[in-house]
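Engineer: Sharing a structure here in C-alpha cells format.
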Amino acid sequence: MNKTQHYVLGKWTSATADGKPSFDAVTGEFIAETSVEGLDIPAILHYGRTKGGEQLRKMTFQERGNMIKKLAMYLTKRKEQFYEISYRTGATRVDSWIDIEGGFGNLFANASLRKLFPNQPYHVEGDAIDLSKGGRFMAHHILVPKKGVAIHINAFNFPIWGMLEKCAVNWMAGMPAVVLPAPVTAYLTEAVVKEIIASNILPDGALQLICGTAKNIFDTVESQDVITFTGSAATGRLLKAHPRIIQEAVPFTMEADSLNASILGADAIPGTPEFDLFINQARSEITVKCGQKCTAIRRMIVPENLIEDVQIALGKALDKVTIGDPRLKEVRMGALVSKDQVQVLKNRIGELSKSAQIVYGDLENINLIGATEKGAFVNPILLREDQPFQNTAVHEIEAFGPVSTLMPYKTLDEAVELAQMGKGSLVSSIVTNSDEIAKEYVINAASHHGRILVLNRENAKQSTGHGSPLPLLVHGGPGRAGGGEEMGGVRGITHYMQRCAIQGSPTTLTEITGIYQPNSKYKETTQHPFQYHWEDIQPGMSIKTHNRTVTDTDIISFANITWDHFYAHTDITSLDGSIFKKRTAHGYFILAAAAGLFVYPNKGPVAANYGLEECRFLRPIYHNDTVYVRLTCKQKIDRDVASAEHPSGIVKWFVEVFDTEDELVAVATILTMVQKKQEVFTEMTEAKIQECLNKITANIKPKWGTMSPQHMIEHLEYGYRIASGQIQDFDIKTPEKILDKVHNTLYDYTKMPANFEFPLAEKSKINEVKHPDLETAKQKMLEARSEYLAHHKQHPDSILKNAVFGAMNRYEWYLLERKHLNHHFEQFGILE
C-alpha cells in the first residue's frame, strides 16, 4: 500500500501502520495513505530547534534571503512536475498556478526583503531613543531569531502555497519549520519537499515534513516555538486552547476560513465598467479552486434596486463555466478535493437554503467534460437572502466550495453592517468608481477585515483581485478569521523574532546594533574612509575635516547658479522681523560645502553617490562663519548587483557640520556605493603570467576536462586573437534574451564553471595541436597577448565581440582575461 512519506530527523521515513487514504479528486482512484504512527514528535521538534535552528540563526539576513531566492529559482525550473500532481487534487491549470507559482513567488518576494535588513543575523528596529538630557544613556530595540521551531498546520486547499508562504517568512527570520499538511492533499506537499531536500540548498533541519495529523504535536511545544494554523475557525479555536500552549505562552497565529463580503457600490449600475467588474470578479471567486479558498466571496452585498440585475448577469456568467477534468483546456472549473467534501458542502447548502433561496445551480445533475461522477464534482451554486438582517445563517455558516449568497442593502451604512455581521473576515472588497463611497466604506468597515480591495476601472487591469493574498501585505483578520496575521513583509518576519529593548551608552549600542549612534565615540582612521573597501568599513569609523569660511561671494554665487534667490540669501534689507540676522548661506550650500570638505578626490572603492536619506539645518550660517565636518560611518547595507558593475554595498555616512565653537549646525545622512574587495582572482600581470607559464610542463594533468597543457595554451592564444580583433568571423552564441545577464557576469567575482563548453570549440579546432611543441605554444600565446594589448592601446574605444559575452570594450576584455587565465591556470593547478 502506497504511503506518503515524512521527512524528519534528516531522513525520509514511512509510518509503521496504515492510515487515512487519499483519492484522486477527478477519477476517484486511490493515491496514498497518510499516517503518523511511529513518529517521535518530541525528537522531531528538538531536532529542528537544534540542528536547523543553530545554522539558520548564524546566517545573516542577506545569506538567508539569497538562500531562499536560490531555492525559488530551483523549484521554478521544476514546476511542471507539480502541475501533473496538482491536477489530482481537482485543480485546473489556473488553480494550480495560484498554488504552485504563487508559492514560489512568495519565496522570491520574501527573499527580496533582505534588502530591508542589516547584513547581520539580527535586526535593529526603529530609531534610537535618548533616555538622558546629555545623550549618554539611550535605548534601542533589536529583534533576534527565536530559539524554537515554527510549527505550521496547513489546510488542504493550497498544499504548496500554504507551506511556502509561511516557511519563507520563518526562514528569513532565522527559524526552522515543521510542516503538517492536511492529509487529503499531503502527497502534493510531499512532492515539493522532496525537491527542496534534493536541492541541498537549506541547512539540515531547516525543514521537516509530517504528512498527517499528529494529535500530540503540541504536547511538548516550548515558549520559543511559534505555531501557525490554517483551517476552520472551530478547529483553530480548539487547538488554540491546548493547555501546553497556554502554559508555555506559545504564539499561536490562526488564519481561519471566513465569510468574506464583496460590496457593489450604488454608482455601479448596469452599463458601467464597475458593474461588469463586479460580475466578473464574483464568477472568478466562486469558481477558482472550485470555491475552496479561505478568501473567496461568500456574501455579495448589492443595492436592493440592483439585485435582480446582478442575479441575472451573474447567472449568465456562470452559464459559461465548464466543469470536468481539469487537465482539459476547455474546462474552467475542476472538482472539490474529495467526495467527503462534496457531502459536507451539500449539508452546508442545505442549512443555508432553509432561509435563503437557491437561484442558480443544481445540486444533483452536472454536465461534465472528460470526467465521470466518480470524481468530486459540483455545480456552482448561487443563493439569495432577501432578509439578511433577520435570517443570520448566511453570516454564520460557510459552504466551502463554489457557493455564494446575494443579499440587498438600502444604504451604505447597511452594507457596512451586513459585512460586519460576518464577525471578522480575511478580506472584503467594494466595487465602485466613487472615491467618496470607497472612503466611507473602508473607514467604517476596516475594523472587521484584514484587507479591503477597492476595485474600479482605473486599477482593474493591474489588480490582483479580491481573493489574492500578497506576500508584502498582512494576511489574516479579526474575529472569526482567527485574529492573527501572516506574511505582511517585514512585520511577518518579525513575528518569528523576539523583540528586546536594550539600554546603554551610545558607544556600547553602536557595537551591539552595528549602527552608529550619535554621541558615541568616534573610531579615528589612518586614512580617509573613502579609501576603504566595503568589507573594511566599520560603523563609527570617522574623520574630522579642515575648516572652511563661508563668504558673501559664496552665497551670492550659489544663488546665481541655483536660481534660489530667497530673500535671506540675497536681500539683507528684508531681514527685519525674520529669524535671520545677516546674509544667510543656503542650507543646500552648507551641504554642498560639507561634501567638498569630506569627499576624497582620488579614484578608489567609492563608486558613486547613492543618495541623501535625511538632512536637517539646525541653525543659520552667516557670511564669514567658519565650519568643519565630522564624517562617520553610520551603517552598512549589502546589495545585489545585476548590471555591469562590480560587487558593492551601500554605506550610510553620518555628516555633522559644526561651527568653530563646536556647535552643531547641520546633520545629514548620505549614501555611497562602495566596491567590495576582489579576492577571488589573481591579477594577471605580465610577470605573473610568465611565472605561471614557467610552471606548465607537458606532463601536468588537468583537474577537469580533457585538455593537455598545450591544448590549453593554444586555446588561450585563440582567445587573445579574438580580443585583438584578428578573429571576428563568428556569431554570438548566447541567446539575445539572456545576453545582458551573461555579459554582466564579467564584472562579478564568480569563477568560470569547470567543464564549460567553449562555443567556438569546433571552429577553433580546440582538440587539435597546432604548434610543434609546448614551448612554441607558450611563445605564440605571449605574442598574441602583446598584439591584444597593442590593439587596445592604439584603439582605446574599440568594441569587439565575444561568442559568449557579446560586444566588449577594453576594460571588459581585461576582466575576461583575468577570469579566463585564472580558470585555466587553476585547471592545471598552477595557482595553488
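Engineer: To the nearest 10 square angstrom, what accessible area does SER798 show with a 1.4 Å probe?
Structural biologist: Here the residue's solvent-accessible area equals roughly 20 Å².
Engineer: Now, a different point. Could you report the accessible area of ASP276 in Å², rounded to 10, computed with a 1.4 Å probe on the protein chains as they sit in the structure?
Structural biologist: 80
Engineer: Then there's this: Principal axis lengths of region 139-267 from Cα atoms, whole Å, largest first?
Structural biologist: Projected onto its principal axes, the Cα set of region 139-267 covers 55, 43, 35 Å.
Engineer: Using only Cα positions of region 35-173, each an equal point scatterer, no hydration layer, compute I(q)/I(0) via Debye at q = 0.13, 0.14, 0.19 Å⁻¹ and quote the log10 values to two decimals.
Structural biologist: -0.72, -0.80, -1.15
Engineer: Could you tell me which of the pairs LYS69/LYS166; LYS652/LYS741; LYS523/LYS544; LYS58/LYS240; LYS70/LYS115; LYS603/LYS677 are separated by over 22 angstrom between their Cα atoms in the structure shown?
Structural biologist: Working: LYS69/LYS166 15 Å; LYS652/LYS741 28 Å; LYS523/LYS544 11 Å; LYS58/LYS240 31 Å; LYS70/LYS115 16 Å; LYS603/LYS677 15 Å.
Long pairs (Cα-Cα over 22 Å): LYS652/LYS741; LYS58/LYS240.
Engineer: What are the ³J(HN,Hα) values, in whole Hz, obtained from phi via the Karplus relation 6.51 cos²θ - 1.76 cosθ + 1.60 with θ = phi - 60°, for each residue of region 447-453 in sequence order, with x given for Gly and Pro?
Structural biologist: Each residue of region 447-453 in turn: 4, 10, 9, x, 8, 10, 9 Hz.
Engineer: Using amide H atoms built in the peptide plane, which far-off residues or other-chain residues are under 5 Å from VAL606 H to H?
Structural biologist: Correct list: GLN675.
Engineer: Accessible area per residue of the chain at 1.4 Å probe, in Å²?
Structural biologist: Using a 1.4 Å probe on heavy atoms only, each residue of the chain averages 44 Å².
Engineer: For LYS320, give me every one of the aspartates and glutamates with a C-alpha distance below 14 angstrom, ignoring sequence neighbours fewer than eight places off in its own chain.
Structural biologist: The reachable aspartates and glutamates, counting only those whose Cα sits under 14 Å from LYS320, are GLU330.
Engineer: Turning to a different aspect of this structure: If eta is 1.567 mPa s and T is 4 °C, what Stokes-Einstein diffusion coefficient results for the chain, Kirkwood Rh from Cα pairs, in µm²/s?
Structural biologist: On the way: Rh = 31.8 Å.
The estimated diffusion coefficient comes to 41 µm²/s.
Engineer: If one takes the longest principal axis of the Cα atoms in the chain, at what angle in degrees, from 0 to 90 and to the nearest 10, does the Cα axis of helix 61-76 lie?
Structural biologist: Tilt relative to the chain: about 60 degrees.
Engineer: For region 2-10, take each phi angle, set θ = phi - 60°, evaluate the Karplus expression 6.51 cos²θ - 1.76 cosθ + 1.60, and give the result in whole Hz per residue in order, putting x for glycine and proline.
Structural biologist: Using θ = phi - 60°, the values come out as 5, 10, 5, 9, 9, 10, 9, 6, x Hz.
Engineer: Next question. Under 5 Å between amide H atoms, partner at least 5 residues away or on a different chain: which partners does VAL359 have, H built in plane at 1.01 Å?
Structural biologist: Those lying under 5 Å, H to H, from VAL359 are LEU382, LEU383, ARG384.
Engineer: For the chain, which whole-number percentage of the solvent-accessible area (1.4 Å probe, protein heavy atoms only) is attributable to carbon and sulfur atoms?
Structural biologist: 51
Engineer: Go through region 397-410 residue by residue and turn each phi into a ³J(HN,Hα) via Karplus (6.51, -1.76, 1.60, θ = phi - 60°); whole Hz please, and just put x for glycine and proline.
Structural biologist: Each residue's phi maps through the Karplus curve to give 10, 10, 9, 7, x, x, 9, 8, 10, 7, 8, x, 9, 8 Hz.
Engineer: If you don't mind, there's one more thing I want to ask. List the aspartates and glutamates whose Cα sits under 18 Å from the Cα of LYS581, skipping any in the same chain fewer than 8 residues away.
Structural biologist: Here the aspartates and glutamates satisfying the reach criterion relative to LYS581 are ASP552, ASP554, ASP571, ASP625, ASP659, GLU663.
Engineer: I'd like the accessible area for LYS423: 1.4 Å probe, protein heavy atoms, all chains in place, Å² to the nearest 10.
Structural biologist: The value for LYS423 is about 140 Å².
Engineer: Roughly speaking, what is the centre-to-centre gap between region 117-137 and region 683-723 when only Cα atoms are used, to the nearest Å?
Structural biologist: Comparing the Cα centres of region 117-137 and region 683-723, I get a distance of 54 Å.
Engineer: Shifting gears a bit: With every atom except the alpha carbons ignored, what do you get for Rg and Dmax of region 609-722, in angstroms?
Structural biologist: Spelled out, the Cα radius of gyration and Dmax of region 609-722 are 26.1, 77 Å.
Engineer: Quick check: Cα centre of region 508-577 to Cα centre of region 51-79, how many Å?
Structural biologist: The two parts, judged by their Cα centres, are 40 Å apart.
Engineer: Now a separate question. For region 323-379, what is the per residue volume of the convex hull drawn over the alpha-carbon atoms, in cubic angstrom? Write down the numbers at each step before the final one.
Structural biologist: Details: hull volume 4.5 nm³, N = 57.
Given the Cα convex hull of region 323-379, per-residue volume reads 79 Å³.
Engineer: Distance between Cα centroids, region 751-765 to region 286-312: provide it in whole Å.
Structural biologist: Region 751-765 and region 286-312 have Cα centres spaced 60 Å from each other.
Engineer: Note down the net charge around ILE766, summing +1 for each Lys or Arg and -1 for each Asp or Glu among other residues with Cβ under 13 Å from its Cβ.
Structural biologist: -2
Engineer: Counting only protein chains, not ligands or nucleic acids, how are ILE696, ILE358 ordered by accessible area (probe 1.4 Å), most first?
Structural biologist: Values: ILE696 5, ILE358 60 Å².
From most exposed to least exposed: ILE358, ILE696.
Engineer: Can I ask one more? Sorted by accessible area with a 1.4 angstrom probe, largest first, how do TRP12, TRP97, TRP813 fall?
Structural biologist: Descending order: TRP97, TRP12, TRP813.
Engineer: Could you work out, for region 709-759, what percent of all Cα-Cα pairs fall into each 10 Å distance bin, beginning at 0 Å and stopping at the bin that holds the largest distance?
Structural biologist: 19, 45, 35, 2
Engineer: Additional query: Among the trypsin sites (Lys or Arg not before Pro) in region 1-88, which ones are in a DSSP loop with at most 15 other Cβ atoms within 10 Å of the Cβ? Mind listing them? Numbers along the way, then the final one.
Structural biologist: Details: sites: LYS3, LYS11, ARG49, LYS51, ARG57, LYS58, ARG64, LYS69, LYS70, LYS77, ARG78, LYS79, ARG88; in loops: LYS77, ARG78.
Qualifying residues, ordered by number: LYS77, ARG78.
The values are calculated or read from the model by the stated rules, or taken from the named source; none is laboratory data. For clarity, every value in this text was computed on a predicted model and none was experimentally measured. For neighbour counting, all protein chains shown are included, and Cβ atoms are generated from backbone atoms with ideal geometry for every residue, glycine included. Surface areas here come from the heavy atoms of the whole protein model, side chains and all, with no ligands, DNA or RNA. Shrake-Rupley method; radii C 1.70, N 1.55, O 1.52, S 1.80 Å.
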